[in-house]
Amino acid sequence: MFKIPEHQVAGHQAKDGVLGPLIDDSGNFYKPLQNDERGSKEIAFYTSLSSDPRVPDNIRRYFPIFRGTKAINASDGSGLQPHLVLEDVVSSYQSPSVMDIKIGSRTWDPQASESYIEKCLKKDRESSSLTLGFRISGLKLVTSSKDASVWQPGRKFLQNLAANDAKLVLSRFVSSNVSSNDNIHPDCSFASKVFGGPSGILEQLLELKKWFEVQTIFHFYSCSVLMVYERESLMKGSSSSGALVKLVDFAHVADAKGAIDHNFLGGLCSLIKFISDVLEAPVENGFCNNYCSKE
């Protein structure tokens, strides 16, 4: 039946009577449909994405499959509520490690209400969005499925990282020696298999970048890049990480009106540069050596 997603790292979570997403055993992700303009915008986006011939097939794969809407019992106990039915993008993973990164230095649509813009401006100014062009909204790294060990830093810490600390977090995301001890330098031993290679995260982001350099259909405000891989399989010696990139959250997508989405493109380019730096970092004495430690 319906369950709370274990691997959701950002957004409202369906816990303690809060309205949030649910999943089932058939690979479906049920996202509560917001009853204002945001809900209708997200439906309109998914409908347009699936039918617009200007969106190349190789780009569609970076979006969760849209399976319509359905009224199900909401997680907050309020009874039947409409939900978007989407592909559960991590359903095929045994113990996925996940990072959610909100892209863009500006997360608000210029056509939004003044109060909403002020709210988003405050968040952007208090996070790394303005300085880095992105902010890490959440992450969960499964360090051992046997004893359910995870590394999951607090969201408040993640969202306001300086450049060196953002690089450190990305380095730890692809390291084998992650523990609760923050003083251990990451070894980046999985960087080449997760970030690198012809099917790695970097190549997927570069493919998205090529499209964003020319697409003038949508402007993606407050949209996230979801990065997923199977860390435990690499710990056991597998050559495949199952590295996956998906774009998620489209309640604030706007008509591009023939203009390039420089806000999203700029943030995406910044993230690509950070990941490239981690991938190309020299390894000295078994440790990744391309960042400055926290003071």
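The values are calculated or read from the model by the stated rules, or taken from the named source; none is laboratory data. Here the structure is a predicted model, which is why all the values come from computation and not from measurement. Cβ coordinates were reconstructed from backbone atoms using ideal geometry, including for glycine residues, and neighbour counts include every protein chain displayed. Note: areas computed on protein heavy atoms with side chains; ligands, DNA, RNA excluded. Shrake-Rupley method; radii C 1.70, N 1.55, O 1.52, S 1.80 Å.
Condition check: surrounded by fewer than 17 Cβ atoms within 10 Å (Cβ to Cβ), under 15 Å from Glu87 (Cα atoms) and not aromatic (Phe, Trp, Tyr). Does Asp36 satisfy that?
No, not satisfied.
From the list Ser105, Ser91, Ser75, Ser48, pick out the single residue that is among the hydroxyl-bearing types (Ser, Thr, Tyr), assigned to a helix (DSSP H, G or I) and either touching a residue at least 24 places away in the same chain (Cβ under 8 Å) or within 27 Å of Cys269 (Cα to Cα) (or both). Show your work before the answer.
Values: Ser105 fails: assigned to a helix (DSSP H, G or I); Ser91 fails: assigned to a helix (DSSP H, G or I); Ser75 fails: assigned to a helix (DSSP H, G or I).
Selected residue: Ser48, the only one of Ser105, Ser91, Ser75, Ser48 that is among the hydroxyl-bearing types (Ser, Thr, Tyr), assigned to a helix (DSSP H, G or I) and either touching a residue at least 24 places away in the same chain (Cβ under 8 Å) or within 27 Å of Cys269 (Cα to Cα) (or both).
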From the list Asp109, Asp52, pick out the single residue that is modelled with pLDDT under 95, in contact with a strand residue (DSSP E or B) (Cβ under 6 Å, 6 or more places away or on another chain) and closer than 28 Å to Thr216 by Cβ. Asp109
Residue count, the range 216-237, condition in a loop (DSSP other than H, G, I, E, B) and over 19 Å from Gly133 (Cα atoms), comes to 4
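Looking for something part of a helix (DSSP H, G or I), over 16 Å from Val90 (Cα atoms), free of Cβ contacts under 8 Å to residues at least 24 places away in the same chain and under 19 Å from the mean Cα position of the chain (by Cα) - is there at least one such residue anywhere in the range 5-18? Working first, answer last.
So the first thing to find is which residues in the range 5-18 are part of a helix (DSSP H, G or I), and the list is none.
For the range 5-18, residues part of a helix (DSSP H, G or I), over 16 Å from Val90 (Cα atoms), free of Cβ contacts under 8 Å to residues at least 24 places away in the same chain and under 19 Å from the mean Cα position of the chain (by Cα): absent.
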Residues in the range 115-152 that are in a loop (DSSP other than H, G, I, E, B), open to solvent by 50 Å² or more (accessible area, probe 1.4 Å) and touching a residue at least 12 places away in the same chain (Cβ under 8 Å): how many? 3
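Just name the residue that is most open to solvent (accessible area, probe 1.4 Å) out of those in the range 1-24 that are of a type in the set (D, E, K, R) and in contact with a strand residue (DSSP E or B) (Cβ under 8 Å, 6 or more places away or on another chain). Give the steps one after another, and end with the answer.
Taking the range 1-24 and keeping what is of a type in the set (D, E, K, R), we get 3, 6, 15-16, 24.
Among the residues that remain, those that are also in contact with a strand residue (DSSP E or B) (Cβ under 8 Å, 6 or more places away or on another chain) are: 3, 24.
On the way: Lys3: 90, Asp24: 25 Å².
Across the range 1-24, the extreme among qualifying residues is Lys3.
Would a scan of the range 25-38 turn up a residue that is without any contact (Cβ under 8 Å) to a residue 60 or more places away in the chain, under 30 Å from Val150 (Cα atoms) and of a type in the set (Asp, Glu)? Quick ask: steps written out before the conclusion?
Let us first name the residues in the range 25-38 that are without any contact (Cβ under 8 Å) to a residue 60 or more places away in the chain, namely 25-26, 30-33, 35-37.
Cutting the leftovers down to under 30 Å from Val150 (Cα atoms) gives us 25-26, 30-32.
Imposing the further condition that a residue be of a type in the set (Asp, Glu) reduces the set to 25.
Yes, the range 25-38 has at least one match.
For the range 238-295, name all the residues that are assigned to a loop (DSSP other than H, G, I, E, B), on the phi < 0 side of the Ramachandran plot and modelled with pLDDT of 85 or more. Give the steps one after another, and end with the answer.
Initial filter on the range 238-295 (assigned to a loop (DSSP other than H, G, I, E, B)): 238-243, 249-252, 256-261, 280-282, 285-286, 289-295.
Narrowing the set further to residues that are on the phi < 0 side of the Ramachandran plot leaves 238-241, 243, 250-252, 256, 259-261, 280-282, 289-295.
Residues satisfying the conditions are Ser238, Ser240, Ser241, Ala243, Phe250, Ala251, His252, Ala256, Ala259, Ile260, Asp261, Glu280.
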Just checking, which of Leu141, Leu168, Leu158 is under 28 Å from Leu22 (Cα atoms) and in contact with a Phe, Trp or Tyr (Cβ under 6 Å, 6 or more places away or on another chain)? Leu141
Expected output for the range 153-171 (first residue under 21 Å from Ile201 (Cβ atoms) and in contact (Cβ under 8 Å) with a residue 24 or more places away in the chain, partner open to solvent by 60 Å² or more (accessible area, probe 1.4 Å) and of a type in the set (Lys, Arg), Cβ below 7 Å, 6+ apart or cross-chain) is Asp165/Lys294
